[in-house]
Amino acid sequence: MRTSSQGSVSAVSAKCPSVFRACNQAPRLRDSANVVAVPSLRRDEAVARSAAIAVDSYAIELDLTSTGPRFRSQTTIRFRAAPATSTFLDVRADALTAVRLNGVALDPAALHDGRFPLSLPLSPNDIGSSNDIVVDAWMAWSHDGEGLHRHVDQADGRSYAYAMSFLDAAPRWFACFDQPDLKAPVTLTVHCPADWIVAGNGPATRDGAGVWHLAQTPPIATYLATVLAGPYHSRQRTHDGVELVLHARRSLAPHLDRDADALFAHTADCLDEFHRLFGVRYPWGEYHQAFVADFNAGAMENPGCVTFDDAMIFRGAATDAQRDDRANTIAHEMAHMWFGDLVTMRWWDDLWLNESFAEYLGYRVCAAVGMASSWVSFGISRKAWGQLADRRPSTHPVAGNEAADTEQALSEFDGISYAKGAAVLRQLAARLGDEVLLGGLRDHFATHAYGNAEFADLIGSWTQAGAVDLDGWATQWLRTAGMDTLRSEGKVLLRESPASYPAAREHRLAVAACDASGREVSRTEVAVTGLRTALDLPLSAIVLPDPDDRTWATIALPAAAWEAMPGALAALDPLARVAVWNALRLAVTDAALDPRRALDIVLAAIGAEGDEVFARMFDWSLNVLTATYFAADERQAATAGLERVARATLGSTAPGSSQQLAAARAYVSCSSDPGQLRAWLTGAAPVEVDTDLRWQVLRRLSALGELSTLEIDAALRADNSSAGLVEALCCRALRPDPAAKAAAWATLMGDSTVSPSAEPTAAPSNSTLYGLAAGFWHPDQTTLTAPYVARYFAEVSAMAAAHQSGWLAPRLAERTFPWVAVTAQTVALADELLASGQLSPGVHRAVADRTDDLRRAVVSRVRFGA
């Protein structure tokens, strides 16, 4: 899986997709979301169940022909059990209609909280070690991106479905023993409308109109099972004997076709490189990549059929950075075909064996196949995300977190498990060398193929390949949380560990000496093994530890270096600039750097950056630095400075370039000139205003109070698509109008009596809710939204209960947090809620992390007089 390192979504749909209105036409037993809270699987329960049973196969049959809120699911499971076993089956049915164990009917009413109890042997039959259970159920279509999710495309009214089984959503569409170490082969039969196609983990064949059979897979974990069903538009190629297939909704067909050659070429290049690195061919037959709607994650590594957020099929112009991010995501998910799919962690506390490796290998492979900016992208985006996570109260080690249950495990899919783990593995690769690193990985795959493994197994494979003292290294880097701080004083490099997480980590890095203009005058390589390391460097205006951005640490620069940065930063090489930008962001959050000085550096140096660094740092400067670290009376002037830089960069870049597009988007995001923005809409822009940029202009006009609901409706008619619905709702929520805010808030908090649009709505989708949240708070509307600050802390617990599911509740808690209310009173309200014990672990973590962000901004304002 690849999750986003961005803190928010830009927009989501203006109305609920018509599938949910259609769902109301048929009776149902429960809410169509089927998100009734169920117990989180505990580790001790999983250990006991895997000791008692072994699963031999799953045969799943789905009937997707119903137009109502439910579909039929029948699962036949063959499994072996120890004598006198008492265990349970996971099934989150809308209505459980029949259960037969070895031909004996069991009472469906025994289902409780998503678990069906099983006691073996079952009297009067003497059940041996081999058993089969057949489960018939009505399952509810999902609207939250988990289970079997159904999306109706606003553009043409066609329905599309995909399954997301990750972590604990598999029982929402088939019965199973849902834990990662009970892997089994899966076959699938799907009945669907005649014009639909079906794809999934195994190659699919059609047996008459509307009946599809997916071939049996090798053993896979239940969280990796998927199916794709609908009138998808598909493209196909063959590379090195592997069938490569792309899928997207038909309304996206022209855009998929435009990018298909590039997508196929990059996929092929990555396959070749992974074959070279691992010496193990791609093990899953065909390789489908499906771009699907309402997706919670960036992508999911289902073997044989990877699913991606369909925002990666660009409807308009895209920057080089956007294309590189998509390429990195493709490589990341492909790495999972070996790490996570072929060899799967035994329990979720080893999730880093999936995500850290996929993150590291994804960027490494992209660099190997020609993406020169791969590690710059990693540093400015992913690494910065991980650094923020490692300094929050919720920080945790990369490995060995002893996740007690699946809910805790889900909360730790964060920047530590991804980016920190990848950065640490990058160091390990340099330490071991490729012969040992890759030799150990090849042994790991050979030994544990189609099975499960733990961290100790991988350490054993590396040790067999020639590595030494990995346990000591792993203790310091993988099993200890927190970041060291590296700072230079004269000719000495100092290392400090956080008091809460003391460690004796070794850092191998360069240290560069630069003059006041940024010209590097000297460099030395050092191994930091103690608290003080001598530097063989001349005294210089700027001494920059880790100019190659290789290690994992806070780089603390002295005041004199920050004073020189406005004139020096642009002269550094790209990776050194990334190291400085990350140091700057961390210094601001630590109240170690005056936000005004940070803004001076941004305004002086950001125009020299490539489009990705420019876009990331501009977004941070607008939506974090000036929005929360500057008081209201200074923010307008600070934002005006960003607007001037964006306009100047726009005027100085090559027409049609990626940099020009990034500058245009930056200008729109902070423009204070409604007249200029409207002129852009009528053909006076320096760049092509395609559909996506048009919506960005409309969002800005809406935030400025310069866009009416009639204009939003007209824009939606002009872009009658699911993405258009997304944008229109965000525009509605952004309007500085009390009624608009009240309607958005009611929907976010689960009050279905108030609708954000003129039409009656059914249960809102995850995308709808994310978009409303993205538009609700705005730093220029704090007076209007002030009454909602206290309401958030009073209502968030009920909101989480109303939207209970694996992803949705914590994400909404995070995205509806009143981040613009930067006061000590807001922090006090948050602390009171966190101490109350009202919140589930995932929601508690989301609120705690946003509170930490807010607290840091308050401390900075006090220290620097903002």
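Whole-Hz Karplus ³J(HN,Hα) for the stretch 380-388, in order, using 6.51 cos²θ - 1.76 cosθ + 1.60 and θ = phi - 60°, x for Gly and Pro?
Per-residue couplings from phi come out as 7, 10, 6, 5, 4, 4, x, 4, 5 Hz.
Take the Cα coordinates of the chain, assign each an equal point scatterer, and use the Debye formula without solvent to give log10 I(q)/I(0) at q = 0.09 Å⁻¹.
Result of the Debye calculation: -0.92.
Pop the C-beta distance of ASP831 and ALA449 into the FRET formula with R0 = 45 Å and round what comes out to the nearest 0.05.
Efficiency at R0 = 45 Å is approximately 0.35.
Of the listed peptides 795-803, 105-113, what is their order by residue-averaged count of other C-beta atoms within 10 Å, with the highest listed first?
795-803, 105-113
Would you please give the FRET efficiency between THR823 and GLU243, computed as 1/(1 + (r/R0)^6) with r the Cβ-Cβ distance and R0 = 45 Å, to the nearest 0.05? Let's see the in-between values first.
Values: r = 58 Å, r/R0 = 1.28.
Between THR823 and GLU243 the formula returns 0.20.
Once R0 is set to 35 Å, what does the formula 1/(1 + (r/R0)^6) return for the Cβ-Cβ distance between ALA608 and ARG276, expressed as a FRET efficiency to the nearest 0.05?
Details: r = 36 Å, r/R0 = 1.03.
According to the calculation, E is roughly 0.45.
Taking 0.36 nm per intervening residue step and subtracting the Cα-Cα distance, what contour gain separates VAL104 from ASP63 on full extension? Before the final figure, lay out each step's value.
On the way: separation 41, 0.36 × 41 = 14.76 nm, distance 2.39 nm.
Result: 12.4 nm gained on full extension.
Full-extension gain between ARG431 and ASP633, please, as 0.36 nm times their residue separation minus the C-alpha to C-alpha distance. Don't skip to the answer; put the middle values down first.
Numbers: separation 202, 0.36 × 202 = 72.72 nm, distance 5.10 nm.
Between ARG431 and ASP633, full extension yields an extra 67.6 nm.
Give me the accessible area per residue for the stretch 776-831, probe 1.4 Å, as a whole number in Å².
On the way: 1940 Å² over 56 residues.
I get 35 Å² per residue for the stretch 776-831.
Once every Cα of the stretch 772-866 carries one equal point scatterer and solvent is ignored, give the base-10 log of I(q)/I(0) from the Debye formula at q = 0.10, 0.11, 0.15, 0.21 Å⁻¹, two decimals.
-0.25, -0.30, -0.56, -1.06
If you roll a 1.4 Å probe over the chain with all protein chains in place, what percent of the accessible area is carbon or sulfur? Walk me through the numbers on the way to the answer.
Details: 15190 of 29360 Å².
Answer for the chain: carbon and sulfur cover 52 percent of the accessible area.
For the residue pair ASP590 and THR205, what label-to-label distance in nm results when each label sits 7 Å from Cα along the Cα-to-beta-carbon direction?
Here the answer is 6.3 nm between the modelled labels.
Which ³J(HN,Hα) values in Hz, rounded to whole numbers, follow from the phi angles of the stretch 166-179 under the Karplus curve 6.51 cos²θ - 1.76 cosθ + 1.60, where θ = phi - 60° and Gly and Pro get x?
3, 6, 9, 9, 4, x, 7, 9, 7, 6, 6, 9, 8, 7
Rounded if a/c is under 1.5, else prolate if a/b is larger than b/c, else oblate: which is the stretch 475-629, with a ≥ b ≥ c the root eigenvalues of its Cα gyration tensor? Could the numbers behind the result be given before it?
On the way: a/c = 1.87, a/b = 1.27, b/c = 1.47.
Judged from the Cα gyration tensor, the stretch 475-629 comes out oblate (a/c at least 1.5, b/c at or above a/b).
When only alpha-carbon atoms count, how far does the stretch 120-270 stretch along each of its three principal axes, as whole angstroms with the largest first?
For the stretch 120-270, the Cα extents along the three principal axes come out at 63, 38, 32 Å.
If you take all C-alpha pairs in the stretch 405-454, what percent of them are over 14 Å apart?
Details: 824 of 1225 pairs.
In whole percent, the long-distance tail amounts to 67.
What number, rounded to the nearest 500 deg cm²/dmol, is the helix-based mean residue ellipticity at 222 nm of the chain, given -39500 (n - 2.57) per DSSP H run of at least four residues and division by all its residues? Please report the intermediate quantities before stating the final value.
Numbers: 29 runs with 349 residues, N = 866.
So the calculated ellipticity at 222 nm is -12500 deg cm²/dmol.
With an 8 Å cut-off on Cα pairs and a minimum separation of 6 or more residues, tell me the relative contact order of the chain in percent.
Numbers: 1737 pairs, mean separation 106.7, N = 866.
Result for the chain is 12 percent.
Sequence gap at least 6, Cα distance under 8 Å: using those rules, report the relative contact order of the stretch 336-456 to the nearest whole percent.
Worked out over the stretch 336-456, it gives 43 percent.
If you take every DSSP beta bridge fully contained in the chain, what fraction is antiparallel? Give it as a percent rounded to 5. Let's see the in-between values first.
Values: 89 of 113 bridges.
Antiparallel: roughly 80 percent of the beta bridges in the chain.
So, by mean Cβ neighbours within 10 angstrom, what's the order for 221-230, 723-732 with the highest one leading?
Working: 221-230: 25.7, 723-732: 27.5.
Going from most to least packed, we get 723-732, 221-230.
Show the residues, 5+ positions off or on another chain, whose built amide H is closer than 5 Å to the amide H of GLU286.
Distant-sequence amide H within range of GLU286: zero hits.
Calculate the translational D of the stretch 263-337 in whole µm² s⁻¹ from Stokes-Einstein, where the hydrodynamic radius comes from the Kirkwood formula applied to all Cα pairs, the temperature is 20 °C and the viscosity 1.002 mPa s.
Values: Rh = 12.9 Å.
Translational D for this selection: 166 µm²/s.
How large is the accessible surface of SER119 in square angstrom, using a 1.4 angstrom probe and rounding to the nearest 10?
70 Å²
Could you order ASP257, ASP611 by accessible surface area, starting with the largest, using a probe radius of 1.4 Å?
Numbers: ASP257 60, ASP611 25 Å².
Final ranking, largest accessible area leading: ASP257, ASP611.
When ligands, DNA and RNA are left out and all protein chains stay put, how many square angstrom of accessible area per residue does the stretch 486-613 have with a 1.4 Å probe? Can you show the working numbers first?
Numbers: 4810 Å² over 128 residues.
On a per-residue basis, 38 Å².
In the chain, which helices (entire DSSP H runs) extend 20 Å or more along their own long axis, judged by Cα positions, while averaging at least 0.5 on the Kyte-Doolittle scale?
On the way: long enough: 253-278 (36 Å, -0.26); 320-336 (24 Å, -1.38); 352-368 (23 Å, 0.16); 434-448 (21 Å, -0.18); 574-589 (23 Å, 0.97); 632-652 (31 Å, -0.38); 787-802 (22 Å, 0.68); 841-864 (34 Å, -0.47).
Membrane-span-like by this criterion, though nothing is claimed about a membrane: 574-589, 787-802.
Counting only heavy atoms of the protein chains, get the accessible area per residue of the stretch 53-208 (1.4 Å probe) and round it to a whole Å² value. Mind showing how you got there, number by number?
Details: 5060 Å² over 156 residues.
It amounts to 32 Å² per residue over the stretch 53-208.
Taking the convex hull of the alpha carbon atoms in the stretch 251-396, what volume per residue do you get, in Å³? The partial results should precede the final answer.
Details: hull volume 18.4 nm³, N = 146.
Considering the Cα atoms of the stretch 251-396, their hull volume per residue is 126 Å³.
Under the rule of at least 5 residues apart or a separate chain, name every residue whose amide H is placed under 5 Å from the amide H of GLY298.
When sequence neighbours closer than 5 places are left aside, the close amide H contacts are ARG2, THR3, SER4.
Under 5 Å between amide H atoms, partner at least 5 residues away or on a different chain: which partners does SER522 have, H built in plane at 1.01 Å?
For SER522, whose amide H was placed from the backbone, the distant partners under 5 Å are ALA513.
Convert each backbone phi in the stretch 102-107 into a coupling constant with the Karplus relation 6.51 cos²θ - 1.76 cosθ + 1.60 (shift: θ = phi - 60°), then list the ³J(HN,Hα) values in order as whole Hz, x for Gly and Pro.
Karplus values, whole Hz, x for Gly and Pro: 6, x, 9, 6, 10, 7.
Enter the Cα centre distance for the pair the stretch 530-577 and the stretch 639-694, rounded to the nearest angstrom.
Measuring centre to centre over Cα atoms gives 33 Å.
Can you list the residues of the stretch 63-100 with backbone N under 17 Å from a point 7 Å past the Cα of ALA51, pointing along Cα to Cβ?
Hits in the stretch 63-100 for ALA51 at 17 Å: 81-88.
The values are calculated or read from the model by the stated rules, or taken from the named source; none is laboratory data. Remember, it's a predicted structure, so these values are computed and weren't measured experimentally. Quick reminder, even Gly has a Cβ in these numbers, built from the backbone with ideal geometry, and neighbours come from all protein chains shown. Remember, those area values only see protein heavy atoms, side chains included, never the ligands or the DNA or RNA. Shrake-Rupley method; radii C 1.70, N 1.55, O 1.52, S 1.80 Å.
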